[in-house]
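Inspection log for the structure reproduced underneath, given as structure tokens.
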Amino acid sequence: MEITLQISSLLIIVLGSTGILLSISTGIFCLYNRRRSDQSTLILSTLLIIIGLTLFNETLATSGISNRFKNLYFLPLNFSLSIAPLFYLFIKVKIHRNFASVDYVHLLLPVLQFFIFMIVGFQSIAYKTKLWNNELFRAFLNAETILFIIGIFLYAGLAYKLVNRSYDDKLYWKEDLRKWLLRMVKFFFFIATLELSLFIGELILSTRFGQVVYVFRALVFVLLIALLVYNTIKLLYPISIYRSSPIITAIDPAESNKLQARIESLMNQEKIYLNPDLSIGILSEYLGTSQKKCSKFFSATLNTNFKQYVNNYRVKEFKRNITSGTYDSWTILSIAFESGFDSKTTFNRVFKQIEGITPSKFIKESKK
């Protein structure tokens, strides 16, 4: 059977294929290479994969391929209603490091969408054709598109509010993270506005120009994917996020004393140990020295290593938070995340190693 496609359909396939390969391959790569405890990378990588699958489904429909191969109708590859909630959850986890139980409510509509297409997707062609001619089901498909647009606006707004509310202090490294997250939120607002314009344009334009809208939508998806890929890679290499230079006043002219004074200033005044993304690479950038020299300073001068040094500050912060009484209603894990730790396992191991008792026993004894 000879297959001929319009130029617009070919463009949709080319753009769609580019976005699909870029998003799914990057998502899998980041899932494989992420730090085990980094939930934010897990969410953003998952988001990339489901956008790739959704774009694949969209490409089949808008290019006309599904019309030629009826068995491709309504495959369970449409995750459009998952995109906005997952983006919001990524922002929330990046800020607070963990989920609250109520956060799973955001996934109810995406799960419902998935199950509907799972039920429909593997039915016979005759059943799918009958369903397509059903006005109620077509109304559901239109409502799905509208909910997708509303969802992006809604969750981008929630994310914007969350970012601005959570970074009310003036620590320079937190400002770096805030600006980075806000750029992503603003781009989602742009995508929502563009998608709404395209949806309206598709309703009022003729079929011929409607195909141009599909081409443009495919381009928009590729741009969205490119931005997410760029920022997902940044999560793997966070030194590209924290670019500001701290203001440090050197005290001792001797290099070792000078370096120690600068590190203590960063820890005690800027509290960079609260940043779970902190690495020796980021610290050496702040200090204006090489990573090798920074590592050597910890081992030769302080008789420790970078992780032990930073974790000591984090344990002290945790103890202060416990004894202050401010976080009495919080869980132990939430207070640990607030103190700069990014993993329950690491926190428990480090705390017992430093204090000689478990966090639970410390809390119990501190309340006596």
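A short reminder: the numbers here are calculations on the coordinates, not readings from a lab. Because the structure is a prediction, the values reported are computed rather than measured. Here Cβ is always computed from backbone atoms with ideal geometry, including for glycine, and neighbour counts include all displayed protein chains.
Structure above, values below:
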read-out: Sites L203 and Y230 - FRET efficiency at Förster radius 41 Å, r taken between beta-carbons, to 0.05; value: 0.80
read-out: Packing-based order for 267-275, 44-52, using average beta carbon neighbours within 10 Å, highest first; value: 44-52, 267-275
read-out: Ranked packing of 108-121, 181-194, 83-96, most packed first, by mean Cβ within 10 Å; value: 83-96, 181-194, 108-121
read-out: Computed E for N67/S25 - FRET, C-beta separation, R0 30 angstrom, nearest 0.05; value: 0.60
read-out: Cα gyration tensor of region 27-107 - equivalent ellipsoid semi-axes, whole Å, descending; value: 30, 15, 8
read-out: Cβ charges +1 (Lys, Arg) and -1 (Asp, Glu), total dipole of the chain, debye; value: 860 debye
read-out: Between helix 344-355 and the chain: long-axis angle, C-alpha atoms, 0 to 90°, nearest 10; value: 0 degrees
read-out: K258-V105 FRET efficiency (beta carbon distance; Förster radius 51 Å; 0.05 resolution); value: 0.45
read-out: Acute angle (nearest 10 degrees) that the helix 80-96 long axis makes with the longest principal axis of the chain, alpha-carbon atoms; value: 10 degrees
read-out: ³J(HN,Hα) computed for each position of region 259-264 - Karplus, 6.51 cos²θ - 1.76 cosθ + 1.60, integer Hz, glycine/proline x; value: 5, 5, 4, 5, 5, 5
read-out: With Cα atoms, 0 to 90° folded angle of helix 108-121 axis to the chain main axis; value: 40 degrees
read-out: Peptide ranges 280-292, 151-163 listed from the most packed, as the mean C-beta count within 10 angstrom indicates; value: 151-163, 280-292
read-out: Residue-averaged [θ]222 nm for the chain, counting only DSSP H segments that reach four residues, each worth -39500 (n - 2.57); value: -24000 deg cm²/dmol
read-out: Backbone HN-Hα couplings from phi across region 295-311 [Karplus 6.51/-1.76/1.60, Hz, Gly and Pro as x]; value: 5, 5, 4, 4, 6, 7, 9, 9, 6, 8, 10, 4, 4, 5, 4, 5, 5
read-out: Gain upon complete extension [L223, T301; 0.36 nm per residue less C-alpha separation]; value: 23.2 nm
read-out: Added length on full extension, which subtracts the Cα-Cα distance from 0.36 nm per residue, K271 to S329; value: 18.5 nm
read-out: Viscosity 0.692 mPa s, temperature 37 °C, Stokes-Einstein D of the chain from Kirkwood C-alpha radius, µm²/s; value: 140 µm²/s
read-out: Cα convex hull volume per residue for region 255-366 (Å³); value: 102 Å³
